[in-house]
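One structure is given here, and the rest of the page talks about it.
The values are calculated or read from the model by the stated rules, or taken from the named source; none is laboratory data. The structure displayed is predicted, hence computed values, not measured ones. No Cβ is skipped: glycine too gets one built from the backbone with ideal geometry, and neighbour counts run over all protein chains shown.
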Amino acid sequence: MSDRKVDGKVGKGSGCKFYGAKGKRYKLFWMGGKKRSDSVGIFVAEKWVDSAVSVERHSKRVLILKMVLDNGSLNVLTVYAPHSGKPEEEKESFWNEVFHLLSCIPQNESVVTAGDMNGHVGSTPCPKISDTPTDKLVYNH
């Protein structure tokens, strides 16, 4: 494996580091807030690290890793969306950023979006399943 450095915008509260035993290692590219919350990162298997050509840390919640593979470019957009307790303005700003970044990726390049989208379906809380005997569970399809 070469010691080539990946181009990227690295700021305070960000970095990259290998984890694991030689030959089975992963490299973590991460970006985070000062309080170690609202962080985002991606692990890349050691065999793919040399395919990574750039890491763009757009905010503490959005990171794009670009890889060049045999069949073209792959952009991995890693996100950590604001949770339901955050202000609406913060959530709207986050999604505007994500949609803008997606629109800037050339159409001939592949995109994978991964992370915690903090999505919710419906407005009614789900009942606690842990307190329900398994023979009483009902699954509606």
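Hey, can you tell me all the residues within the stretch 30-60 that are at pLDDT 85 or above and hydrophobic (A, V, I, L, M, F, W, C)?
Within the stretch 30-60, 42, 43, 44, 45, 48, 49, 52, 53, 55 qualify.
Can you name the residue in the stretch 1-14 that is surrounded by 15 or more Cβ atoms within 10 Å (Cβ to Cβ) and part of a strand (DSSP E or B) and is also modelled with the highest pLDDT among such residues?
14
Give the number of residues within the stretch 71-86 that are over 14 Å from residue 117 (Cα atoms) and modelled with pLDDT of 90 or more.
5
When both residues are 6+ apart or on different chains and their Cβ atoms are under 8 Å apart, which pairs have a first residue that lies in the stretch 69-88 and is in a strand (DSSP E or B), and a second that is of a type in the set (Asp, Glu) and surrounded by 10 or more Cβ atoms within 10 Å (Cβ to Cβ)?
Short answer, once both residue conditions are applied: 72/109; 73/109; 74/109; 75/109; 79/116; 80/38; 80/116.
Name the residue that is nearest to the chain's Cα centre (by Cα), counting only residues in the stretch 58-112 that are of a type in the set (S, T, N, Q) and farther than 20 Å from residue 31 by Cα.
Of the stretch 58-112, the ones of a type in the set (S, T, N, Q) are 59, 71, 73, 75, 78, 84, 93, 96, 103, 107-108, 110.
Right, trim to farther than 20 Å from residue 31 by Cα and you get 71, 73, 84, 103, 107-108, 110.
Working: 71: 23, 73: 18, 84: 18, 103: 17, 107: 20, 108: 21, 110: 16 Å.
In this case the residue turns out to be 110.
Please tell me if residue 46 is farther than 18 Å from residue 100 by Cα and in contact (Cβ under 8 Å) with a residue 40 or more places away in the chain. So that I can check it myself, show each step before the final result.
On the way: farther than 18 Å from residue 100 by Cα: yes; in contact (Cβ under 8 Å) with a residue 40 or more places away in the chain: yes.
Criteria met by residue 46.
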